[in-house]
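Everything on this sheet refers to the single structure shown next.
Bear in mind these aren't lab numbers, they're just calculated from the coordinates by the rules spelled out. All values reported here derive from a predicted model rather than from experimental measurement. Heads up, the Cβs are rebuilt from the backbone with ideal geometry, glycines too, and the neighbour counts pull from every protein chain shown.
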There are 2 protein chains.
Amino acid sequence: MCNIALIGFGGVGKSFVKLLQLKKDLLPEDIKLKYVIKSDGGIYNKDGLDIDELIKYTNSDNEIQNHPLWSDVKFKDILKNKDIDILIELTSTNIVNGEPGYTHIKESLENKINVVTGNKGPILLYYHELKNLAERNNLYLKIGCTTGGALPSVNVGTTDVLGAQVTEIIGVLNGTTNFILEEMVKCKIEYKEALKKAQDLKIAEKDPSLDVLGFDTAIKIAILSKVIWDVDFEFDKLNIQGITNIKLKDLLLEYFSGNKTKLIGRAFYLNNKFEFEVKPMLIDKDHPLYFVDGKNKGVHYKTDILGDITVTGGASSPLNAAAAILRDLIYIIESGRK
Amino acid sequence: MCNIALIGFGGVGKSFVKLLQLKKDLLPEDIKLKYVIKSDGGIYNKDGLDIDELIKYTNSDNEIQNHPLWSDVKFKDILKNKDIDILIELTSTNIVNGEPGYTHIKESLENKINVVTGNKGPILLYYHELKNLAERNNLYLKIGCTTGGALPSVNVGTTDVLGAQVTEIIGVLNGTTNFILEEMVKCKIEYKEALKKAQDLKIAEKDPSLDVLGFDTAIKIAILSKVIWDVDFEFDKLNIQGITNIKLKDLLLEYFSGNKTKLIGRAFYLNNKFEFEVKPMLIDKDHPLYFVDGKNKGVHYKTDILGDITVTGGASSPLNAAAAILRDLIYIIESGRK
């Protein structure tokens with residue numbers, strides 16, 4: 001149960017390797033990371049890669065392509081060699097067709113390999129299919145990292161409320177828009193200037209569309225809706241509005257009234273009635289998400305018999321996201337279901 | 001795995017029976033509540049009690065002693081009959097010697113019976129012994145309800161942070177003191193008057209010592225410390241201070257500076273250094289526990305690799321506490337480890 005392949009070696013993948021070293025005392029002694037695979041090749045050792053050596057290839061000065069074991073090993077080789085139990089899928093997200101993550105996850109599950117992923121695209125588009133495939137094959141598909149990284153939003157909305165019915169999910173789940181909205185108020189600047197600042201600080205991407213148009217928030221709330229309610233819907237038809245039209249003067253007026261504007265994702269489901277919206281909303285200071293600022297995230301669940309439960313925190317960084325991957329990995333190892 | 005006995009039939013026990021009816025669609029069809037036991041007798045049906053009928057004995061006008069099956073059945077009969085898988089232990093808490101809960105839990109675990117409890121006394125005093133006993137016998141001992149009822153404080157501090165090291169636990173875990181402190185500020189009254197009000201509203205007990213002297217908060221933080229860190233200590237020697245000496249003028253001064261005083265429990269553990277305190281502390285408005293008011297509760301975990309994670313909510317009522325018991329029961333049934 002301890003043979004692992006990692007596919008995707010960006011910030012989170014590199015941090016994950018660092019955590020394998022940092023947390024080795026928590027992990028089984030016989031754990032083996034056998035593959036690290038990128039789009040143009042990878043490294044493979046059937047007896048397990050030397051983590052201490054691999055760490056040297058996690059900084060930008062020393063690309064993994066320089067590793068002595070670098071070869072044209074591909075994902076297909078994992079299936080052919082049949083020598084891993086768990087795939088860590090961390091390739092870039094793609095919300096148009098979910099590839100290449102979708103194929104990696106699907107074919108792994110078809111080949112009796114458990115999957116831990118932080119890749120939102122395939123989960124947004126194919127959650128039910130993949131989840132059913134995992135269940136049929138008695139495997140784990142763990143996706144905790146897709147809905148807020150370190151924030152345990154999936155766990156709190158499922159196992160932590162077992163027996164209760166979640167009726168509403170309200171989330172502040174995007175750090176970039178949090179930052180921009182706060183910066184506008186703090187520095188009294190308009191949206192475009194705050195966005196520029198976020199880009200200079202590498203908090204926003206060069207093309208910030210996914211974040212500022214509300215799609216990232218919508219994806220996370222959509223995934224939580226599918227996981228918690230087993231509800232299906234077309235993502236394209238959801239009501240999604242971003243923060244690009246927000247004016248400084250409106251934010252300031254609200255701020256002086258003791259309120260904050262946040263980009264909120266909200267979903268409601270009861271008796272087959274499903275509502276979904278993402279838009280900037282006013283939050284007053286008595287709301288449990290009022291203080292979810294900066295890079296923090298939070299999700300508020302309304303339930304029938306456990307009251308309202310809110311979980312906040314889990315700051316976003318590649319290390320924190322990798323820690324969410326490690327959490328799911330350890331869960332699988334400890335459950336040892338395979 | 002679905003034969004159950006309930007021992008203790010106060011507010012939470014009665015609400016638990018109501019939930020068995022309300023949530024029957026979530027539970028296995030062959031679930032059977034075979035025993036309801038009180039200190040002076042109980043009811044027993046080897047084929048399972050009729051829940052719809054039992055509900056009639058959950059209001060104060062119709063005591064369970066009037067039930068046609070009422071007899072002198074005792075806890076010992078459960079062990080003798082060997083016909084249950086899970087004991088729900090809800091007798092009154094006793095923090096001097098943990099009895100009678102301690103004996104019920106211990107003897108059940110010795111007799112291959114899983115246990116779900118909301119009884120703080122035996123868990124505070126004998127957690128390690130009971131947990132080890134459960135593990136040796138491959139059984140579950142689920143205690144989620146002991147540390148904040150519906151609030152999933154145990155889950156968030158354990159499975160939701162798998163792989164991370166919790167270094168600090170900070171909790172607002174007592175609704176009665178929350179209410180009194182808020183009422184003092186809101187109505188500008190001194191402690192004694194606010195306590196009287198809480199007692200009139202049945203929020204505080206006639207003898208409010210456990211709550212107002214800080215012991216209830218301390219018990220919950222102590223249990224979380226034992227569960228999360230496997231640390232041992234003598235409860236008697238902990239640093240515990242309540243709210244009885246708080247003056248209205250101090251609260252008001254803080255309130256006007258944007259702060260609140262709350263009864264906080266705090267524990268820290270790293271490299272064998274253990275710190276523990278319960279006392280009224282100032283919380284500023286940027287703290288994630290600032291808005292944990294009224295009957296709500298909250299706990300804030302500092303971790304090494306997942307950032308800080310806070311969970312709040314889970315309002316306290318017998319129904320919410322019973323829902324926490326149901327959560328643990330369903331967890332055991334779904335895991336089906338036995």
Using a 7 Å offset from Cα along the direction of the beta-carbon, what are the separations from A:Leu282 to the same position in each other copy, nm, ascending? 3.2
Tilt of helix A:318-335 relative to the longest C-alpha principal axis of chain A, in degrees (0 to 90, nearest 10)? 60
Binning at 10 angstrom from zero up to the longest distance, how are the C-alpha pair distances of chain A distributed in percent? 6, 25, 32, 23, 11, 3, 0
If I build a Gaussian network model for chain B, linking alpha-carbon pairs within less than 10 angstrom, which residue out of B:Leu69, B:Leu20, B:Leu133 has the largest mean-square fluctuation? B:Leu69
How would you classify region A:56-137 from its alpha-carbon gyration tensor, with a ≥ b ≥ c the square roots of the eigenvalues: rounded for a/c under 1.5, else prolate if a/b is greater than b/c, otherwise oblate? oblate
Cα-based helix-to-principal-axis angle, A:11-22 vs chain A, degrees rounded to 10: 60
Quick one: with label points 7 Å out along Cα→Cβ, list the inter-copy distances for A:Glu110 in nm, shortest first? 5.6
With a ≥ b ≥ c the root eigenvalues of the C-alpha gyration tensor of region A:36-79, is it rounded (a/c under 1.5), prolate (a/b larger than b/c) or oblate? oblate
Any of A:Lys297/B:Lys32; A:Lys260/B:Lys24; B:Lys80/B:Lys295; A:Lys220/B:Lys297 with alpha carbons more than 32 Å apart? Name them for me. A:Lys297/B:Lys32; A:Lys260/B:Lys24; B:Lys80/B:Lys295
Centroid-to-centroid separation of region A:243-292 and region B:59-138 [C-alpha atoms, Å]: 46
Which one of A:Ala194, A:Phe291, A:Ser257 has its Cα pushed farthest toward the positive end of the charge dipole of region A:155-313, where Lys and Arg give +1 and Asp and Glu give -1 at the Cβ? A:Ala194
Let me check I've understood the local charge: for A:Gly148, count other residues with C-beta under 9 angstrom from its C-beta, Lys and Arg +1, Asp and Glu -1. What total comes out? +2
Calculated label separations, B:Asp52, copies of the chain, 7 Å along the beta-carbon direction, nm: 7.0
For chain B, set up a Gaussian network in which alpha carbons nearer than 10 Å are linked by springs, and say which option among B:Asn94, B:Asn132, B:Asn178 fluctuates the most. B:Asn132
Closest Cβ on chain A to the rotation axis that carries it onto B (distance rounded to whole Å): A:Val311, 2
Can you pull out the trypsin sites (Lys or Arg not before Pro) in region A:1-105 whose DSSP state is coil and whose Cβ has at most 16 other Cβ atoms within 10 Å? A:Lys46, A:Lys56, A:Lys82
Cut-off of 10 Å, at most 10 other beta carbons, DSSP loop: longest stretch of chain B lacking such GluC sites (Glu not before Pro): B:30-233
Using a Gaussian network for chain A with springs between C-alpha atoms less than 10 Å apart, which of these wobbles most: A:Gly42, A:Gly13, A:Gly258? A:Gly258
What is the order of A:Leu87, B:Leu270, fewest Cβ neighbours within 10 Å to most? B:Leu270, A:Leu87
When every alpha-carbon pair in region B:137-212 is counted, what percent end up more than 18 Å apart? 56
Where the only charges are on Cβ atoms (+1 Lys, Arg; -1 Asp, Glu), what is the dipole of the protein assembly as shown about its Cα centre, to the nearest 20 debye? 340
Within region B:155-313: Cβ-based charge dipole about Cα centre, in debye rounded to nearest 20 (Lys, Arg +1; Asp, Glu -1): 500
Under the rule rounded for a/c under 1.5, else prolate if a/b exceeds b/c, else oblate, using alpha carbon gyration tensor axes a ≥ b ≥ c, the protein assembly as shown is classed as oblate
Within 10 Å of each Cβ in A:54-67, the average number of Cβ atoms from other chains: 0
Nearest 10, in degrees from 0 to 90: the angle of helix B:101-110 to the longest Cα principal axis of chain B is 50
